[in-house]
Amino acid sequence: MIYLDNAATGGTKPESVRAALAAAVKTCANPGRGGHRLALAAAEHVQACRNFLSELFDGYGFERVVFTKNCTEALNLALFGTLNAGDHAVVTCLEHNSVLRPMAHLAAARGVTYDVAPLTEGRLLPQTIAALIRPNTALCCVTAASNVTGETPDLRAIRALLPARVLLAVDGAQAAGHFPLRMRETGIDLLALAGHKGMQGIQGAGALLFSPRTDPKPLMFGGTGSDSHSSEMPRFYPDRLESGTLSYPAICTLFEGALYVKTRRERDARTLTALTQAMLHGLSQLKKYRAYSAANPCGIVSFLHERIPSETLAAALSERHGIAVRGGLHCAPLAHRALGTFPDGLVRASFSPEQGMREVRALLRALREEDARATSA
């Protein structure tokens, strides 16, 4: 099968990542839960990953790198850990349900209010976001790259228009690993990461990086291997936000993936931009298809046939052509409302840097065949 669903999870892992997983499973001691050599070695490996992620994302030190099981958990920590009753927040219509659903719950449970920034002439503009700021606005949450279209909002310009007191939280699920996200340089206060997409790790590892301007409260409570005499969570990070055993094998792969990404990110971004550009050019030659993406370094191209529903077309590509794409709403319903593609959604093809024109040509050929089949039906 040709795997073009890399925006959901990366399909091909580097050899170094696969080797790290095998080694971790072979000697899988519990980091921070013992003084023997294996536990200490595992803890050192986890610490090395914290250090490197802080470096790679221009963060604020290892203690402000908290591991989670995915980006959704990291975003929940960012939102539930910082927003309180009476606070106002601004999110955007491009956000994933991992932002929209926590905000809806915060509104119902805590009385947090929020506004959703719309698209302006098809784009998410910094001034549109800034216009929604209120005197009690505490946080603005913006995706670094849309999982629907691949659009990359101008985070630096957004930060420049926000009052200094407003925290900037960024969903880096689709962007991390594809292009630089520099926290201090850009003014990002909370950065949520997925380990299994552009970061080249396996499922089960995510992270939240946060600045000294934030003091997130824990969502979960339990053992940390530290301050075990106390019935309260430790006051210091990262322990304060990490209850229970970490996913050590997944963290090992995230570390190796991050090392891999640092050496290849610029080259891979050029590859993915070229592939998406080629795919968009091919789609422009198919009159009954419409594209909703521009060329981008995240490898995402979303499109729709004028007669074939997105999930029907995605199923046909899988069953008749052996091509894996994703149809539907992609857990981002407001993005589809803004694009005018709700409730049917779009077909999303998402490429990896290891792919090339062979995959582009195969998908375009399959789309032509499906168009011919629909026309003759």
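Computed from the coordinates by the stated procedures, all read-outs in this text should not be read as laboratory data. Computed from a predicted model, the values in this text were never measured in an experiment. Every residue, glycine among them, receives a Cβ derived from its backbone with ideal geometry; neighbour counts consider all protein chains shown.
Charge tally around residue 143: other residues with Cβ under 10 Å, Lys/Arg +1 each, Asp/Glu -1 each, net -3. The angle between the Cα long axis of helix 310-321 and the longest principal axis of the Cα atoms of the chain comes to about 80 degrees, rounded to the nearest 10.
Calculated on the alpha-carbon coordinates, the convex hull of the stretch 1-153 measures out at 166 cubic angstrom per residue. A straight chain from residue 37 to residue 337 at 0.36 nm per residue would run longer than the Cα-Cα distance by 102.6 nm. Loop-located chymotrypsin sites (Phe, Trp or Tyr not before Pro) across the stretch 177-254 with a Cβ neighbour count of 15 or fewer within 10 Å are 221, 236, with loop assigned by DSSP. Orientation-averaged projection of the stretch 126-184 equals 4.2 nm² [convex hull of Cα atoms, one quarter of hull surface area].
How big is D for the chain, in µm² s⁻¹ as a whole number, if Stokes-Einstein is applied with the Kirkwood radius of its Cα pairs at 10 °C and 1.306 mPa s? Approximately 74 µm²/s, per Stokes-Einstein. Helix 71-80 versus the longest principal axis of the chain: what angle, 0 to 90°, nearest 10, using Cα atoms? Tilt relative to the chain: about 60 degrees.
Using only Cα atoms, locate the centre of the stretch 69-96 and the centre of the stretch 136-200, then give the distance between them in Å, rounded to an integer. Each part reduced to its Cα centre gives a spacing of 12 Å.
Give the average over all directions of the projected area of the C-alpha convex hull of the stretch 137-259, one decimal, in nm². Intermediate results must be reported in sequence, preceding the final value.
Working: hull surface 34.6 nm².
Reported value for the Cα convex hull: 8.7 nm².
Computed from backbone phi, the HN-Hα couplings of the stretch 261-268 come to 4, 4, 7, 10, 4, 5, 5, 5 Hz, rounded to whole numbers (Karplus: 6.51 cos²θ - 1.76 cosθ + 1.60, θ = phi - 60°; Gly and Pro given as x).
Counting neighbouring beta carbons within 10 Å and listing from fewest to most, the residues 77, 286 come out as 286, 77.
In the chain, a dipole from Cβ-located charges (positive for Lys and Arg, negative for Asp and Glu) runs towards its positive end, and of 238, 106, 147 it is 147 whose Cα lies farthest in that direction.
With K and R counted +1 and D and E -1, the other residues having a Cβ less than 9 Å from that of residue 303 yield a net charge of +2. Partners of residue 197 within straight-line reach, counting lysines whose Cα lies under 21 Å from its Cα and excluding those fewer than 8 residues away in the same chain: 13, 69, 262.
For residue 311 and residue 358, FRET efficiency with R0 = 30 Å and r from the beta-carbon atoms, rounded to 0.05? Can you show the working numbers first?
Working: r = 26 Å, r/R0 = 0.86.
The value I calculate is 0.70.
Taking θ as phi - 60° and the Karplus parameters 6.51, -1.76 and 1.60, the scalar couplings of the stretch 361-374 work out to 5, 5, 5, 5, 5, 5, 5, 5, 5, 5, 5, 5, 5, 5 Hz in sequence order, x denoting glycine and proline.
Summing charges over all other residues whose Cβ lies under 12 Å from the Cβ of residue 100, with Lys and Arg as +1 and Asp and Glu as -1, gives 0.
Build a GNM of the chain with springs between Cα atoms under 10 Å apart, and of 213, 123, 337 the one that fluctuates most is 213. The distance from the alpha carbon centre of the stretch 241-306 to that of the stretch 344-377 is 16 Å, rounded to a whole number. With neighbours defined as other Cβ atoms within 10 Å of a residue's Cβ, the residues 105, 96 order from fewest to most as 105, 96. Summarising the label geometry, the points placed 7 Å from Cα in the beta-carbon direction at residue 376 and residue 165 lie 6.7 nm from one another. The phi-based Karplus calculation (6.51 cos²θ - 1.76 cosθ + 1.60; θ = phi - 60°) puts the 3J(HN,Hα) values of the stretch 179-189 at 8, x, 10, 10, 5, 5, 5, 8, x, 7, 8 Hz, whole numbers, x for Gly and Pro.
Note on the chain: with charges restricted to the Cβ of Lys and Arg (+1) and Asp and Glu (-1), its dipole about the Cα centre is near 460 debye.
Place +1 on the Cβ of every Lys and Arg and -1 on the Cβ of every Asp and Glu in the chain, take the dipole about the Cα centre, and give the residue among 43, 218, 333 whose Cα lies farthest towards its positive end. Final value for the positive-end residue is 333.
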